[in-house]
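The values are calculated or read from the model by the stated rules, or taken from the named source; none is laboratory data. Predicted model, so just to flag it, every value in this text is computed and none were measured. Every residue, glycine as well, gets a Cβ built from its backbone with ideal geometry; the counts of neighbours run over all protein chains shown. Side chains included, ligands, DNA and RNA excluded: accessible areas come from the protein's heavy atoms. Shrake-Rupley method; radii C 1.70, N 1.55, O 1.52, S 1.80 Å.
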2 protein chains.
Amino acid sequence: MSQPAVFILGGAQTDFARNWSKENKHIAALMREAVLGGLEAAAIEAGEVQTAHVGNFAAELYAHQGHLGAFVLEADPALSGIPTSRHEAACASGSIAILAASAEIEAGRYDLAMVVGVEQMKTVDAAVGGDYLGTAAWYEREARGIEFPFPKLFGRLGDEYDKRYGLKDEHLAHIAAVNYSNARRNPLAQTRNWYMSESHASRQSRYNAIIGGRIKASDCSQVTDGAVAIFLASQNYAREYARRRNIDLDRLPRILGWGHRTAPVEFEAKVAESRDNPYVLPHTRQAILDAFKRANVSLQQISAIETHDCFTTSEYMAIDHFGITRPGESWKAVEEGVIELGGAMPINPSGGLIGAGHPVGATGVRQVLDAFRQVTATAGDYQVEEAAKVATLNIGGSGTTSCAFVIGR
Amino acid sequence: MSQPAVFILGGAQTDFARNWSKENKHIAALMREAVLGGLEAAAIEAGEVQTAHVGNFAAELYAHQGHLGAFVLEADPALSGIPTSRHEAACASGSIAILAASAEIEAGRYDLAMVVGVEQMKTVDAAVGGDYLGTAAWYEREARGIEFPFPKLFGRLGDEYDKRYGLKDEHLAHIAAVNYSNARRNPLAQTRNWYMSESHASRQSRYNAIIGGRIKASDCSQVTDGAVAIFLASQNYAREYARRRNIDLDRLPRILGWGHRTAPVEFEAKVAESRDNPYVLPHTRQAILDAFKRANVSLQQISAIETHDCFTTSEYMAIDHFGITRPGESWKAVEEGVIELGGAMPINPSGGLIGAGHPVGATGVRQVLDAFRQVTATAGDYQVEEAAKVATLNIGGSGTTSCAFVIGR
């Protein structure tokens, strides 16, 4: 069935290097900065926004604050009264918010929706934060009493690749180095001034300790404070918006396709279910295929990918699950430079979660904003040349919720 | 703009008197019982469900578990792979999940959606639970360090009525007594075997202590464990469903209309904004009007109401905000017996939040399930005679998020 088009009008993200707790600022201030920045970047008046959807993982834990949807209103009095809601699927919360907003536009309920992804994580120390992240897995079975459960879970993803196909840690180190290198070009990336070479990422050292299983510090995405706002519009609104900016409607990017699938919560259940499947996470593969099918595109028409590298192993998984290589052969794309800026299929030109930062509930929205920037040739120093269609993959839990988008014209 | 119809095929709720912590059961088991009960009640196979939406307020706090959408899959292996998500707007989370699911059906994304509302609250003592509920308000400004912030906030709603129009506590006591009385007819109500007369509710006593401000224990809804599952369908699915049950499509209830509005988070900001408005919570009033307008009905066509009596003051507010009386004159409907079973406009035949129970994230779904039961004449001892169209009102925070539905044919 053909869907009404959902257009993306742009948006803004906060500087992911900032620490909002150190600045003594409430999560409402973090959201406000993204909202006001987004309104300005997209040249939209607050009073035009008809509905707002917030993606957030666990402000109840990190900030002892729920009901985050309503906090959008605090950004501008003109927003008072609009419908708001908050959506969650762990680290895929941002994509879930985009799916909810775009469904309402496709249904004809509203013409202009704001989507805000947000997470304030630097409110607690690393051990407590690691425990909170454990609530994205089956806490009682996979996280309770375990220090840093998620690096261990994604370490096991690497182990599963190793068992089925073989996996060399040097390829994971290369993935880390590419993300760090790309992030240096992104003026809002958390690690833009950090140092991480491939040789540094390859070695276990006092500066690069084992965090869990085969996962070293250099394999991990960051603890990040950040918010991102984007604006989605119906064709009616987009046409008027294009007219007042004196551009063709066809120049505005849109959500060309999306995919959304869920696998069993426990990692062991996932692996058991996929035992005879060439893909380690077949539901993730299916979410990507669904997005490509709805967008009516093949991988060859995709210019770049923003994927969920919460750990290097999840990017390694994404490479074959997107179909860049055959299953289990992701290392070939790593060795051949395919995934680098300037390569045949750049992955995470922004720096991804490892380089740009991973404010959990904001990440899916940040990916789509970066895809928008690429296809509108406004990505600055991390621009992929002639990017026309960009795909995203956002994952919640240990591969539990998978959301993919194709953004372009 | 005319929307595609969204049909309701039924569902099930758990026994709201149960304590799942005492039974040593995980929140996944609570959800599972509602899902399996709902599938059986609606005569749907698990493999037919195409998408699932979970309404939950704060499992992160109460159960130290996030990512609840994915836990739906644990109910039946046939659900593996379906898209899932969790939606939140404090005590209106259940309605937000219904809005998200119905938007996807209206958009043509899916033909059969499951909506599960769930909250497991008896995991902590009353003081800690009261603090958790404070995250539905602006925690730092309205709840931090305050014992039981929500009774106090809804006490202030009563105070605001008192200031503007006068308010007698005897009318609040009558509202409590009606809800308790109705709940005795509901075999799944938490208080079905409790004793609460109007005279008992009227008196402050050692058995009926002041909880906060003018709010006594008898004015409060309960701390409840509960889950509810309902099924929403497109016209395509509903037609086939009616055919195999050998009934007319027209006999299946549908969501005739909905409203969804947000007021400023802080209670003082709400009152300041509405100072010159005849309605204390004008955005709540607007959500109801929006639902009536979309359903193309007036109050006279509504047979009964399931409203959000988190406290007696919120039901008092609902009476004039639904237009049953003029603003400030809710007491007239109370005195005249309008709101009782057998009255001109029965409110909460189920017993409402005060009588049936208030598992926060489940309440909006429970209201719509009870509306379904009324309009299909399957409400048993709390059936409203010849109920054709039933309205619901579900509120998050201190009147912050308001969602209303009209259910019927």
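Quick notes
- Formal net charge of residues neighbouring A:Lys25 (Cβ-Cβ distance under 15 Å; K, R +1; D, E -1): -2
- Cα-based shape type of the stretch B:295-355, given that a ≥ b ≥ c are square roots of the gyration tensor eigenvalues and the cut on a/c is 1.5: rounded
- Annotation: amide H-H contacts under 5 Å for B:Leu188 (H modelled 1.01 Å from N, sequence separation of 5 or more, or interchain): none.
- On the basis of the beta-carbon distance and an R0 of 25 Å, B:Gln300 and B:Asp250 show a calculated FRET efficiency of 0.70.
- The mean count of C-beta atoms from other chains within 10 Å of the C-beta of residues in B:257-263, rounded to a whole number, is 5.
- Computed from point charges on the beta carbon alone (+1 for Lys and Arg, -1 for Asp and Glu), the dipole magnitude for the protein assembly as shown about its Cα centre is near 420 Debye.
- The Rg/Rh ratio for the protein assembly as shown is 0.97, where Rg is the radius of gyration of the alpha carbons and Rh is the Kirkwood radius.
- Heavy-atom accessible area order for B:Trp194, B:Trp20, largest first, 1.4 Å probe: B:Trp194, B:Trp20
- Three-way shape label, the stretch B:279-409, alpha-carbon gyration tensor, a/c 1.5: rounded
- When a 1.4 Å probe is rolled over the protein heavy atoms, the share of accessible surface on the stretch B:37-120 that falls to carbon and sulfur comes to 46 percent.
- Residue-by-residue Karplus 3J(HN,Hα) for the stretch A:246-260, coefficients 6.51, -1.76, 1.60, Hz, glycine and proline x: 6, 10, 6, 3, 5, 7, 7, x, 9, 7, 7, x, 8, x, 7
- Between this copy and the others, label points of A:Ala344 are 7.7 nm apart in ascending order, each placed 7 angstrom from Cα in the Cβ direction.
- A 1.4 Å probe run over chain A, with the rest of the protein chains in place, finds 33 Å² accessible per residue.
- Peptide A:88-95 shows a mean partner chain C-beta count of 5 within 10 Å per residue C-beta.
- The stretch B:20-148 shape via C-alpha gyration tensor axes, a/c threshold 1.5: oblate
- Over 19 Å apart at the Cα level, from the set A:Lys270/A:Lys332; A:Lys216/A:Lys270; A:Lys163/A:Lys332; A:Lys293/A:Lys389; A:Lys168/A:Lys216, are A:Lys270/A:Lys332; A:Lys216/A:Lys270.
- Among the residues of A:96-108, the average count of other protein chain beta-carbon atoms within 10 Å of the residue beta-carbon is 6.
- For B:Ala242, net neighbour charge (Lys/Arg +1, Asp/Glu -1) across residues whose Cβ lies under 9 Å away: +2
- Note, ³J(HN,Hα) from phi for the stretch B:17-26, Karplus 6.51, -1.76, 1.60, rounded to Hz, x at Gly and Pro: 7, 6, 10, 6, 6, 4, 7, 6, 10, 6
- Size of the A/B contact, given as accessible area buried on both chains, probe 1.4 Å, in Å²: 4700
- Environment charge at A:Leu36 (Cβ cut-off 12 Å; Lys +1, Arg +1, Asp -1, Glu -1): -4
- Label point 7 Å beyond Cα along the C-beta direction, distances from A:Ile210 to other copies (nm, shortest first): 6.2
- Within the protein assembly as shown, helix-based [θ] at 222 nm, where runs of 4 or more DSSP H residues each add -39,500 (n - 2.57), nearest 500: -10500 deg cm²/dmol
- Annotation: chain B has a Kirkwood hydrodynamic radius of 20.8 angstrom, from the mean reciprocal C-alpha pair distance.
- Normalised contact order of chain B, rounded percent, pairs of Cα under 8 Å and 6 or more residues apart: 25
- Label sites at A:Glu23 and A:Ala344, each approximated as a point 7 angstrom past Cα along Cα to Cβ, lie 4.3 nm apart.
- Label distances, nm, A:Arg275 versus same residue in remaining copies, Cβ-directed 7 Å point: 7.0
- The label point for A:Asp276 and the one for A:Trp194, both projected 7 Å from the Cα toward the Cβ, are 4.2 nm apart.
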